[in-house]
Amino acid sequence: MTTPATPRITVATAWLDGCSGCHMSFLDMDERLVDLAQKIDVVYSPLVDAKELPEQVDVGILEGSISSESDLHHAQEFRKHCKLLISLGDCAVNGNVPAMRNPFKLADVIDRAYRENVDVQPQMPTVGVPVLFQQVRPIHGCVNVDVFVPGCPPRADAIFYVLNELIEGRTPDPSQVTRFGA
Ligand code: SF4
């Protein structure tokens, strides 16, 4: 008699206002990805072709902070459809680099980026750009987060630890394997 296969955990990932470095760290799990591929299904992510968030996902992983209407929409959709939500990386956990603009007026920041520091044809982009919020917020500033994984980016070992604990049915304690900024 054959043993029934253990159901795979479904995983969705997205990057909001981040540099993609946290996703690169995910890929840095290297050969462990082969092992993980037997245990998880990545059902939505910039790393795979699937671009529609399924109705029910076991684990959602968000990189980056919430800086725009588009980021907020993504975070709310992940919260709605994912049983467990992970905030991955310092930008997601505390705002980090994107939040450095918070002490300044948004209009001044935009002006500096698109006019002051531009030599050729300074102009405001108006098409295909999301509406920015006055203040950048971490993920848990807008939706409930279940697991926080700090680091800029978090080490691949830390990401593997968290996923492996979830696969094994345990609650991960990322404070054992992470620290802010490293
Ligand atoms: S935490 Fe660091 S690596 Fe991750 S998105 Fe932010 S700046 Fe990039």
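Output wanted: per-residue J couplings in Hz (rounded whole) for segment 53-63, from phi through Karplus 6.51 cos²θ - 1.76 cosθ + 1.60, θ = phi - 60°, x for Gly and Pro.
After applying 6.51 cos²θ - 1.76 cosθ + 1.60, I find 5, x, 4, 10, 10, 6, 10, x, 10, 10, 9 Hz.
By its C-alpha gyration tensor, with a ≥ b ≥ c as the square roots of the eigenvalues, how is segment 19-59 shaped: rounded for a/c under 1.5, else prolate for a/b larger than b/c, else oblate? Intermediate results must be reported in sequence, preceding the final value.
Numbers: a/c = 2.28, a/b = 1.26, b/c = 1.81.
Oblate shape, in that a/c is at least 1.5 and b/c is the bigger or equal ratio.
How big is the chain by Rg and Dmax over its Cα atoms, in Å?
Calculated on Cα positions, Rg and Dmax stand at 18.0, 72 Å.
Indicate, rounded to the nearest 5 percent, the antiparallel portion of the DSSP beta bridges found entirely in the chain. Walk me through the numbers on the way to the answer.
Values: 3 of 21 bridges.
The antiparallel fraction comes to roughly 15 percent.
Quantify, in whole percent, the carbon and sulfur part of the accessible surface of the chain (1.4 Å probe; protein heavy atoms only).
Looking at the chain in its full context, I get 53 percent from C and S.
Show the residues, 5+ positions off or on another chain, whose built amide H is closer than 5 Å to the amide H of Thr10.
Asp41, Asp58, Val59
Angle, helix 69-81 long axis vs. longest principal axis of the chain, Cα atoms, 0 to 90°, nearest 10?
So the inclination is approximately 20 degrees.
If the cut-off is 27 Å between C-alpha atoms, which lysines fall inside it for Lys80, apart from same-chain ones fewer than 8 positions away?
Excluding near neighbours in sequence, the set is Lys39, Lys51.
Once you sort the root eigenvalues of the Cα gyration tensor of segment 110-182 as a ≥ b ≥ c, which label holds: rounded (a/c under 1.5), prolate (a/b larger than b/c) or oblate (the other case)?
Values: a/c = 3.43, a/b = 2.56, b/c = 1.34.
Prolate is the answer for segment 110-182, as a/c is 1.5 or above and a/b outweighs b/c.
How big is the gap, in Å, between the Cα center of segment 13-66 and the Cα center of segment 67-85?
Using only Cα atoms to place each centre, the spacing works out to 14 Å.
The values are calculated or read from the model by the stated rules, or taken from the named source; none is laboratory data. Predicted model only: the values in this text are computed from it and were never measured. These area figures cover heavy atoms from the full protein model, side chains too; ligands, DNA and RNA do not enter into them. Shrake-Rupley method; radii C 1.70, N 1.55, O 1.52, S 1.80 Å.
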